[in-house]
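See below for the structure under consideration.
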Amino acid sequence: MAILVMGATGAIGRVLVERLLESGQEVKALTRDATKDTGLPAGTQICEGDFRRPDSLAGAIQGVDRVYLLADPGAVHGLVPYLRKAGVRRIVTVASAMLDERDDNGVVHNVIEDAVKGSGAEWTILRPRAFASNALNWWRPTIRLHRGVHWVYPEARLSPIHEADVAAVAAVTLAEEGHAGRTYTLTGPESLTQAEQVRQIGEAIGATIFYDEISREKAKEVLTSQYIPEQIVTKLLDMLESMVGTAAPVTTTVEELTGKPARTFAQWAVDHADDFR
Ligand SMILES: NC(=O)c1ccc[n+]([C@@H]2O[C@H](COP(=O)([O-])OP(=O)(O)OC[C@H]3O[C@@H](n4cnc5c(N)ncnc54)[C@H](OP(=O)(O)O)[C@@H]3O)[C@@H](O)[C@H]2O)c1
């Protein structure tokens, strides 16, 4: 039986497809446009479908018993029962803490996590704390433009994780037994300030990058102008503010599950140097 990788042309999905093929799994890769050049490795079965229209997944889901699930909160309630009905027995997903909501009793709910946990499937939730690739969204345009970033809280500490490590953990939990009903908090190997991360990107591209600290209000303006919902912007800025002057938690889960230490941010910057040049 095959594993269906949703978001297979995305940052995590692409590496996940490679890892699964390397370990001898049969892989089906989902994209909304199977006619485009996906750049996925030979041996991948490319399937077309849209997670917002579960019926469009009829072909993709054939012969599949495990799924790396990617969905948005509005789509997940239609999608998960569809997958179960089609015979999927294991679901692994990446949850974003930005979607967490606390109810009146202080219990945290996350729409995607709750749908997966309530599905009756063997589920595993991966919870990366901060993605190294956020640097692409936050800093790439101005680093490319004038070797600078205009960003908040230079002293906020994060433990950013390389997308390849999220993919490596996803591959293990999809292919191996013993991970059902587990939620894994994933981080990179070290706690780094945002200023240190920017400096390491500079080292990777051989340039000095200036860090122009902007106010929270200005950052909010910038982020909302990028059509990011205000609620998410507020959560992101609250999270960054709370990390000023405090070490970011670091977990050893990547190494425990994959047998290899998590990649450093410096390594991520080298891997993505061309994105910033
Ligand atoms: N990378 C980060 O920095 C970051 C940060 C926080 C959270 N996350 C979470 O991590 C998860 C995966 O992130 P990622 O970075 O690997 O994703 P990504 O690079 O943004 O790629 C998402 C992929 O999903 C596919 N997709 C989008 N809408 C779809 C739809 N309606 N139906 C089917 N496929 C669709 C797209 O493929 P096609 O265009 O080929 O269809 C795209 O390649 C997401 O849940 C994201 O919220 C990521």
Is it fair to say Ile3 is part of a strand (DSSP E or B), within 24 Å of Ala180 (Cβ to Cβ) and either within 14 Å of the ligand (Cβ to nearest atom) or among the small types (Gly, Ala, Ser) (or both)?
-> no
Out of all the residues in the range 20-72, which are hydroxyl-bearing (Ser, Thr, Tyr) and part of a loop (DSSP other than H, G, I, E, B)?
-> Ser23, Thr35, Thr38, Thr44
Looking only at the range 68-91, and only at residues there that are among the hydrophobic types (A, V, I, L, M, F, W, C) and more than 12 Å from the ligand (Cβ to nearest atom), the one that is surrounded by the fewest Cβ atoms within 10 Å (Cβ to Cβ) = Ala86
Considering Ala219, Ala248, Ala269, Ala262, which residue is in contact with a helix residue (DSSP H, G or I) (Cβ under 8 Å, 6 or more places away or on another chain), in contact (Cβ under 8 Å) with a residue 60 or more places away in the chain and over 15 Å from His162 (Cα atoms)?
-> Ala219
Only one of these conditions is not met by Val166: (1) surrounded by fewer than 20 Cβ atoms within 10 Å (Cβ to Cβ); (2) over 23 Å from Ser242 (Cα atoms); (3) within 16 Å of the ligand (Cβ to nearest atom). Which number is it?
-> (1)
Which condition number does Trp139 fail, the rest of (1) closer than 16 Å to Asp274 by Cα; (2) within 16 Å of the ligand (Cβ to nearest atom); (3) in contact with a Lys or Arg (Cβ under 7 Å, 6 or more places away or on another chain) being met?
-> (3)
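A quick yes/no check of all residues on (1) closer than 22 Å to Pro261 by Cα; (2) assigned to a helix (DSSP H, G or I); (3) charged (D, E, K, R):
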site: Val149; (1), (2), (3): no, no, no
site: Asp165; (1), (2), (3): yes, yes, yes
site: Ala170; (1), (2), (3): yes, yes, no
site: Gly178; (1), (2), (3): yes, no, no
site: Thr183; (1), (2), (3): yes, no, no
site: Gly188; (1), (2), (3): yes, no, no
site: Arg199; (1), (2), (3): no, yes, yes
site: Ala204; (1), (2), (3): yes, yes, no
Specify which of the listed residues (Pro229, Pro189) is loosely packed, with under 15 Cβ neighbours inside 10 Å, of a type outside the set (Gly, Ala, Ser) and either under 22 Å from the mean Cα position of the chain (by Cα) or over 30 Å from Met1 (Cα atoms) (or both).
-> Pro229
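Taken together, the values in this text are just the output of simple stated rules run on the coordinates, not laboratory data. Just so you know, these numbers come straight off a predicted model, no measurement behind them. We place every Cβ from the backbone using ideal geometry, glycine too, and count neighbours over all the protein chains shown.
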